[in-house]
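Notes for the one structure printed next.
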Amino acid sequence: MSELAAGSPAHNTREGETPLVEMTGMSKSFGGLHAVDRIDINLFPGEVVGILGHNGAGKTVLIKMLSGAIRRDSGTIRVNGEEAPINNPRDAKDYGIETIYQTLALADNVDAASNLFLGRELRTRWGTLDDAAMEAEARKVMGRLNPRFVRFKEPVIALSGGQRQSVAIARAIHFNAHVLIMDEPTAALGPQETAQVADLIKQLKAEGIGIFLISHDIHDVFDLADRLYVIKSGQVVGMASTKEVTKDEVLGMIILGKCPPNAVPGPGAIRD
Ligand SMILES: Nc1ncnc2c1ncn2[C@@H]1O[C@H](COP(=O)(O)OP(=O)(O)OP(=O)(O)O)[C@@H](O)[C@H]1O
Ligand SMILES: [Mg+2]
């Protein structure tokens, strides 16, 4: 497919296409600690990009700069090629960037539709809550994501982990997300529910949504991601197409900072 030599900077990227998100020179320090140190990373439409690295590598800080939850010290964010001055979560949402945190942040005691419209409720022309319209809309969105979901009348606390995840995803994408950030989406799930989330991710991909998948689970990343970045001590060790590297090589990137031949090395790669 790619005629570029492995190791060339454009290798594994879609040449000529404008990335959905492009972050360059992203940095954030806390006191003397370089939590994120000049990271370059991009994401194309319909692509799942895995972000891997040990505890404290800088994954969450990086992604929080994109979601506007943390203010960056330096760096540029472009969305569809245009500079996007993202300084708070509202800005990120305006650019169609939505984040699903591990905690999901659902309101446990109300149903799926109420969660979907939490804080953005639909109202009738008399100003009362339009429950019928919200449920109809919830059925439409959930039907697209998870056609087997039928438990619309129950509080979300009664749902399984995978179903709760689909409610959280529905809420994120319903308001026009183009970019979805998922921080450890399967960490608390069993195998069946993990499979359900995998189906959801495939569905979103097919709709052209770009996904950053932050995960400790190298198997999840290999199953779901098109490309991956490994971060170590705030720097990119390397970027690779998932198909062109082995799990052992990726473990070597995570643990040793060693960049294999089929990956594009970043500033954090050790030289041997
Ligand atoms: N608000 C903060 N104040 C000070 N230091 C912070 C803050 N947030 C993160 N850090 C530090 O920045 C570094 C990167 O943290 P980050 O949370 O991005 O790691 P991570 O890769 O997401 O790890 P994990 O896999 O454990 O979630 C760590 O050393 C962390 O202690
Ligand atoms: Mg984290």
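Work out the length of the dipole vector of region 57-150 about its Cα centre, built from +1 on the beta-carbon of each Lys and Arg and -1 on the beta-carbon of each Asp and Glu, and round it to the nearest 20 debye.
Magnitude of the dipole: close to 220 debye.
Sorting VAL221, VAL236 on the 10 Å Cβ count, fewest up front, what's the list?
Ascending Cβ contact count within 10 Å gives the list VAL221, VAL236.
Residues in region 57-81 near a label at ASP94, defined as backbone nitrogen under 16 Å from the 7 Å Cα→Cβ point?
It comes to 66-69, 77-80, nothing else.
I want to verify the translational diffusion coefficient of region 107-264 in µm²/s; compute it with Stokes-Einstein, Rh as the Kirkwood radius over Cα pairs, at 20 °C and 1.002 mPa s.
For the chosen part, D equals 123 µm²/s.
Please give the charge dipole size of the chain, origin at the Cα centre, charges +1 on K and R Cβ atoms and -1 on D and E Cβ atoms. Round to the nearest 20 debye.
Approximately 380 debye in magnitude.
If you stretched the chain out fully between ASP223 and ASN55, how much longer would it get, using 0.36 nm times the residue separation minus the C-alpha to C-alpha distance?
That works out to 58.3 nm of additional length.
Give me the compactness ratio for region 110-177, meaning the Cα radius of gyration over 2.2 N^0.38 Å.
Compared with the compact-globule rule of thumb, region 110-177 sits at 1.05.
How would THR186, THR99, THR246 line up from fewest to most surrounding beta-carbon atoms within 10 angstrom?
In increasing order of surrounding Cβ atoms, one gets THR246, THR99, THR186.
Where nothing but the Cβ of Lys and Arg (+1) and of Asp and Glu (-1) is charged, how large is the charge dipole of region 110-177 around its Cα centre, in debye to the nearest 20?
Roughly 200 debye, rounded to the nearest 20.
So, R0 is 51 Å and r is the distance between the beta-carbons of ILE270 and THR128; what FRET efficiency does that work out to, to 0.05?
Once rounded, the FRET efficiency stands at 0.25.
Taking the chain as a Gaussian network, where each spring joins two C-alpha atoms under 10 Å apart, which residue of LEU204, LEU228, LEU256 fluctuates the most?
Most flexible of the set in this elastic network: LEU256.
Given H placed on each backbone N at 1.01 Å, which residues far from PHE44 in sequence or on other chains put an amide H within less than 5 Å of it?
Answer set, sorted by chain and number: LEU20.
Where does the charge balance sit around GLY162 when Lys and Arg score +1, Asp and Glu -1, over other residues with C-beta under 13 Å from its C-beta?
+1
Relative contact order for the chain using alpha-carbon pairs under 8 Å, separation at least 6, rounded to a whole percent?
Taking the mean separation of contacting Cα pairs over the length of the chain, I get 24 percent.
Laboratory data are not the source of any read-out in this text; all were calculated from the coordinates shown. The shown structure was predicted, so the numbers you read here are calculated from the model rather than taken from an experiment. Neighbour counts are summed over all protein chains in view; Cβ atoms, including those assigned to glycine, are modelled from backbone coordinates with ideal geometry.
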